[in-house]
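The values are calculated or read from the model by the stated rules, or taken from the named source; none is laboratory data. These figures come from a predicted structure and were not determined experimentally. Neighbour counts run over all protein chains shown; Cβ positions are idealised from the backbone, glycine included. Side chains included, ligands, DNA and RNA excluded: accessible areas come from the protein's heavy atoms. Shrake-Rupley method; radii C 1.70, N 1.55, O 1.52, S 1.80 Å.
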Amino acid sequence: MKILILSPYPENLLDPLEGHGDTYIVNKEKIDLSFCKQKRIEFIISYGYRYKITKDILDFLPGKVINLHISYLPYSRGAHPVFWSIYESSITGVSIHLVDEGFDTGNILFQKEVDYSREEDTFLSIYKKMQFEIEKLFRMNWKYLRNSQNNGWPQQGESTSHNKYEIEEMKKYLPKMWETTIKEFFDLVDKI
């Protein structure tokens, strides 16, 4: 199968593809339907991709466009999901979901809760932990994902969503930016 990986960091996704004899193209730039047709794409994996995948592409590849998201959806859709999951005290984890016309709103295919230490972890260490877990979840389940054997289930619960600009106001509580521990962050936020 010919796979399009839309990601700035695809390295840890390649082994399972190669193990199943899949070929792939990696791209982090905006794509359109003509690109997919010209390259004869049969499946799309989005991971950290900054652009919306258009409806015509979704119609061209029904059930064959997935996203790897580093939050436990429906919590923290959109930008900076690890930060918002922690700030909102929602369940932290990772999700693989079908892509639909919304942002991170498609049916869940696989999910995993991931814990962290408020005392020891920094935002960066949790981000790296979430990346490790989503890549592991993908590797373990590629054989099912590639065959579209799972339509998933609708996201359950009250959703939250954030855009990339919302983080700017929160930076005043991150004295070491992403190296700030969760405890340090909440100590500053609680002083307000």
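Laid out as a table, the results:
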quantity	calculated
Relative contact order of segment 37-192, defined on C-alpha pairs under 8 angstrom at six or more residues apart (%)	25 percent
Gaussian network model of the chain, springs between alpha carbon atoms under 10 Å - residue of Ser71, Ser90, Ser117 with greatest fluctuation	Ser117
Those chymotrypsin sites (Phe, Trp or Tyr not before Pro) in segment 119-168 that DSSP places in a loop and that have at most 13 other beta carbons within 10 Å	Tyr165
Given 16 as the ceiling on other Cβ atoms within 10 Å, longest exposed-site-free region of the chain for GluC sites (Glu not before Pro) in DSSP loops	43-87
Value at 222 nm in deg cm²/dmol, rounded to 500, when DSSP H runs of n ≥ 4 in the chain each add -39,500 (n - 2.57)	-9000 deg cm²/dmol
Table column - 3J(HN,Hα) (Hz), segment 91-96, Karplus curve with 6.51, -1.76, 1.60, x for Gly and Pro	4, 9, x, 9, 9, 10
Euclidean distance of C-alpha centroids, segment 53-72 and segment 137-192, integer Å	19 Å
Cα-based shape type of segment 2-112, given that a ≥ b ≥ c are square roots of the gyration tensor eigenvalues and the cut on a/c is 1.5	prolate
Gaussian network model of the chain, springs between alpha carbon atoms under 10 Å - residue of Gly63, Gly19, Gly93 with greatest fluctuation	Gly19
Among Gln131, Ser89, Val189 - extreme Cα towards positive end, dipole of segment 41-192, charges at beta-carbon	Gln131
Net charge of Cβ neighbours under 15 Å - reference Lys112; Lys, Arg +1; Asp, Glu -1	-1
Helix 123-145 axis, angle to the chain major axis (alpha carbon atoms, nearest 10°)	20 degrees
Test item: Cα-centred dipole of segment 46-192, Lys/Arg +1 and Asp/Glu -1 on Cβ, debye	560 debye
Surface share of carbon and sulfur [accessible, 1.4 angstrom probe, percent] for the chain	49 percent
Surface per residue (accessible, 1.4 Å probe) for the chain, Å²	53 Å²
Entries in Lys128/Lys191; Lys2/Lys128; Lys136/Lys191; Lys143/Lys176; Lys37/Lys171 that, when Cα-Cα distance is taken, lie over 32 Å	Lys136/Lys191; Lys143/Lys176; Lys37/Lys171
Neighbour-limited loop hits for trypsin sites (Lys or Arg not before Pro), segment 130-192 (at most 15 other Cβ within 10 Å; DSSP other than H, G, I, E, B)	Lys164, Lys176, Lys191
